[in-house]
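Trainee: Dumping the structure here so I can ask a few things about it.
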Amino acid sequence: MPVEITWLGHSCFRLRDRAATVVTDPYGKDLGLNLVRVRADIVTVSHAAEAHNYVKGVKGDFQVLSGPGEYEVSSVFVTGLELRGDRKAKKDATPAPRNTVFLFQFDDLTVCHLGDLNLVPTQAQVEEALGEVDVLLIPVGGGGSLNASQAAEVVSLLEPHVVIPMHYHVPESTLKLDPVNKFLKEMGLDKVAPQEVLKVSRSSLPEETQVVLLELKTKEEA
């Protein structure tokens, strides 16, 4: 069975294969969006903010992963890596909050969720920590995380097969973020037709990097 990827809004996705369901960065009502309540076996939290850690919005008997480490839950191997940018040096500057990047290994397919990443990693960090990524879930709208040009730079470093943008402006959201079109232009694209869900397997991966836009899922399943 391929991995099925559904966008639930902001940085929240459902990743599902035959063995398990993962929900990433569930958000609270303050975001202005209505999080569809889905069932999960694993919930990952990139950092401690209500727009990313509202685990009460998820159904099921799930395990919460919220920091660096190596985990195996329901036949899914998960690696959490701390990756953040430091604020400009000031004596009284508040350190940037921790951001955990999660790598999910579904059989022979690797999906990477960058969380609220706010810096372009070095080539050494990419090679040592992230390695080869098949599907990249990447923030593109700025507002404390990667903006469009930074995101495009990260894509060129990682060279994933599939790129799915997240953390960008949608009409209902209360957050001031850039629209996804800025990122598409940085990637040399005019328009990309959104699709309801992405079903991807090792055999279906494109040879060249492909940007996939997902529609926001707004209806609960029966």
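Where a number appears in this text, it was derived from the coordinates with a stated rule and is not lab data. Computed from a prediction, not measured in an experiment: that's the story for all the values here. Positions of Cβ are generated from backbone atoms using ideal geometry, with glycine treated the same way; all protein chains shown enter the neighbour counts.
Trainee: P(r) tail for region 176-222, what percent of Cα pairs lie past 17 Å?
Mentor: Summing the P(r) of region 176-222 above 17 Å gives 51 percent of all pairs.
Trainee: Which listed residue (N181, L35, T79) has the Cα farthest towards the positive end of the charge dipole for the chain, taking +1 on Lys and Arg C-beta and -1 on Asp and Glu C-beta about the Cα centre?
Mentor: L35
Trainee: If packing is taken as the average count of other Cβ atoms within 10 Å, what order do 103-111, 139-147 fall into, highest mean first?
Mentor: 139-147, 103-111
Trainee: Continuing with the same structure: How large is the charge dipole for the chain, taken about the Cα centre, if only the Cβ atoms of Lys, Arg (+1) and Asp, Glu (-1) carry charge, to the nearest 20 debye?
Mentor: 860 debye
Trainee: Another question, then. Under the definition of Cα pairs under 8 Å and six or more residues apart, what whole-number percent is the relative contact order of region 3-211?
Mentor: 16 percent
Trainee: Name the long-range amide H neighbours of L213: under 5 Å, sequence gap of 5 or more, or other chain; modelled H, no Pro or chain starts.
Mentor: Long-range HN contacts for L213: Q195.
Trainee: Right, here's the next one. On full extension of the chain, what length is gained from R37 through T218, given 0.36 nm per residue of separation minus the C-alpha to C-alpha distance?
Mentor: 64.2 nm
Trainee: If packing is taken as the average count of other Cβ atoms within 10 Å, what order do 163-174, 22-33 fall into, highest mean first?
Mentor: 22-33, 163-174
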